[in-house]
1. Any chance the range B:277-292 includes a residue that's at pLDDT 90 or above, surrounded by fewer than 18 Cβ atoms within 10 Å (Cβ to Cβ) and among the acidic types (Asp, Glu)?
2. Which members of the range B:297-338 meet the condition of being assigned to a loop (DSSP other than H, G, I, E, B) and either more than 14 Å from chain A (Cβ to nearest Cβ) or buried (at least 17 other Cβ atoms within 10 Å of the Cβ) (or both)?
3. Quick one: which residue in A:Ile137, A:Ile163, A:Ile169 is under 26 Å from B:Pro333 (Cα atoms) and in contact with a strand residue (DSSP E or B) (Cβ under 8 Å, 6 or more places away or on another chain)?
4. Give the residue that is modelled with the highest pLDDT, with candidates limited to residues of the range B:109-128 that are in a helix (DSSP H, G or I) and exposed (fewer than 14 other Cβ atoms within 10 Å of the Cβ).
5. Which residues, counting only those in the range A:60-80, are under 21 Å from the mean Cα position of the chain (by Cα) and farther than 25 Å from A:Leu13 by Cβ?
6. Being over 14 Å from the mean Cα position of the chain (by Cα), buried (at least 16 other Cβ atoms within 10 Å of the Cβ) and modelled with pLDDT of 85 or more is the filter here, so list the residues in the range A:206-226 that pass it.
7. For A:Ile145, are the conditions met, namely being buried (at least 19 other Cβ atoms within 10 Å of the Cβ) and within 23 Å of the chain's Cα centre (by Cα)?
8. Do we find a residue being in contact with an Asp or Glu (Cβ under 7 Å, 6 or more places away or on another chain) and surrounded by fewer than 17 Cβ atoms within 10 Å (Cβ to Cβ) anywhere in the range A:248-256?
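The values are calculated or read from the model by the stated rules, or taken from the named source; none is laboratory data. It should be emphasised that the depicted structure is a prediction, and the values quoted were computed from it without experimental measurement. All Cβ positions, even for glycine, are placed from backbone atoms using ideal geometry, and neighbour counts span all protein chains on display.
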Amino acid sequence: MNLFDIRNLSISLKSNDTDILAVDRVSLAMKEGEVRGLVGESGSGKSLLAQAIMGVLDPKWSVTADRFHWRGQDLMNLSPHERKAIIAKDVAMIFQEPMLSLDPTTTIGEQVEEAIDPASLEGNFWQRRKARKSEAIRLLHKVGIKHHEICTSSYPHELTEAICQRVMIAIALAKSPILLIADEPTAAMESRNQGQIFRLLASLNQLKSMSILLISHDLENVTHWTNTITVMYSGQFVEAGTTKQIFKSPLHPYTRALVDSSPAANIELPPKSRLKALPGSIPILQHLPIGCRLGPRCPKAQRKCVTAPKAKNYHGHVVSCHFNMKESGKV
Amino acid sequence: MLIFTLRRLNLFIFTIFLLTVLSFSLAFLFPGDALVNISGQVSANQEVLAELAQSYGKDQSIFNQYVIYVGKVFSGDFGVSMISDLPLLDVISTLLPATVELSLVALLIAMVLGIPIGFIAAIRHRKNSDNIILSIAMIGYSVPVFWVGLMAIQLFSIELSMFPSAGQISPVYEIERQYGILLIDILLSDSNYKWQAFSDATSHLILPAAVIALAPATIFIRLARTAMLEVLETPYIRAAKAKGLSFAQVVYSHAIRNALIMIVRHIGLQFANLITIAMITEVIFSWPGIGRWLIESIYQRDYTAIQIGLLVLSSFIFIVHILSDFLYAALNPLARGKKYGS
């Protein structure tokens, strides 16, 4: 059963005279218990997409979609308020830069306690406070923080990034979510701490069967932890499939380039030769190309590419390209 | 926290040092004899002047003279007024509490009104209420205080006769003086008409305090609005929303405190501004405070009074500044602890 199913979600920014389409008809679906990676360069709209799902986008962005199903329930028919209530109950999100995502003037203990649903506490009102405290400590233990006394009385600036991210995960776990959206949870973190956070997320996925949407700009880094991957480029859907499909037989020229550009793929290159990479850089929002937005950088671009391609499904491996590897018979 | 306190204390000592240097040098910069300027003895004969020169150390170096002067100031010997021949310490200790009372009440009014209104404007950003609040704040900031004061007297005292137009309290009440701050003295006194006196003093206080508070309140509105808008953009507010907290909860438990931190930093600065407005308002409302007395002293070229009045008034402003810094540290854990690399 699908956990959620989003079709043709668009996010646009009302600018002075023109409408900027930052995310252009992206579809995303997840199964229960799945870890899906959402990969793309910076500025490809993956964080926007995640925030649109959570409903915490700034009001200046306008979001439209053809379908938004959550565990079989159609959320499009509900009012924004009801939709937010359902999402807030079952979905939690952790952000990049955990230190900035914690209130600098409130202690960690208070912030964790605040996230605990009062309905889940037992006992009379004078026992609530204690129950809330012990629940917060339990959550901190769960994410691997052993010295909870020091942690709960600290302010965010007194802790390291990795501990703050653990606290964020503890806060996210407070309502035992079905889906955890992790928006670049390890950006600006050392690799040792990165590993710890990813291992923690993986164990939560296996022990609690919590689905995780892992957003990252680093394809290679997430492959160890994900079952399926969705690739985005400049606000457009590129390719989705199992991690193996994406990595072993990428169908889209962009995914191919991404896989080829990773250091692991370039290990046999002679020293001091250039790494394989696409020319140019991701277009800025004010100057988006029409049709397939990869067009100007794509090695396979032809005249047909000025119209946006439709997504084609090859046994669960979805790709959005006129001249994908399957079409041109390379795979 | 100890280091924070020591740093503030250090700043305090240096500022007092510079203020006394300024006040000391004024005696030489004002026209007339420096000894007369510093002591206020205008009509002294040769013998008294020789005695004064001895006590101010006129035969010694300028540095020693400064040290003697500071010693005299801190032991309470401010000299006498050139006009009234009264000891300045007595004059100031009767006048300063009235100004302290008036300005602190005005600051309180400005903050209690200005900050919540600014928060409301920020929460209703780009809506009609935001625009209305901003325009009112702009007008309130632009009108000159002497005009507002006269208009307030015209409207509330003469037309509506809601508040008295001058003075601190009606002369029929006799209040024993203890601390000099009238409202506290009334509460401490055991007069039979205590509560009547209290309400009379309050009604005398409200109008001038409100006139003084107008301009700072509009500044607080704008400060609070900017601070709140800035805080509402931060990642931790977004994260708090993602936690599932309602907007009211987010504002109440996270945004207000962080926005207050940014505002509290400015209290000290705004207070200096407020005192300037208070001095003019004291003249308009015949408030028996140090501001009115200082302006009168300037008119009458009472150089001794000007020197000491400036010193006392700026010390008062600076003490409030330091207190607001402590409030800032109490609110902000980042300012309290030791910082890396500082």
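1. The answer is no; no qualifying residue exists.
2. The answer is B:Gln300, B:Arg301, B:Asp302, B:Asn332.
3. Unique residue meeting the criteria: A:Ile169.
4. Result: B:Val112.
5. Result: A:His69, A:Trp70, A:Arg71.
6. Within the range A:206-226, A:Met210 is the sole residue that qualifies.
7. no
8. No - not one qualifying residue is present in the range A:248-256.
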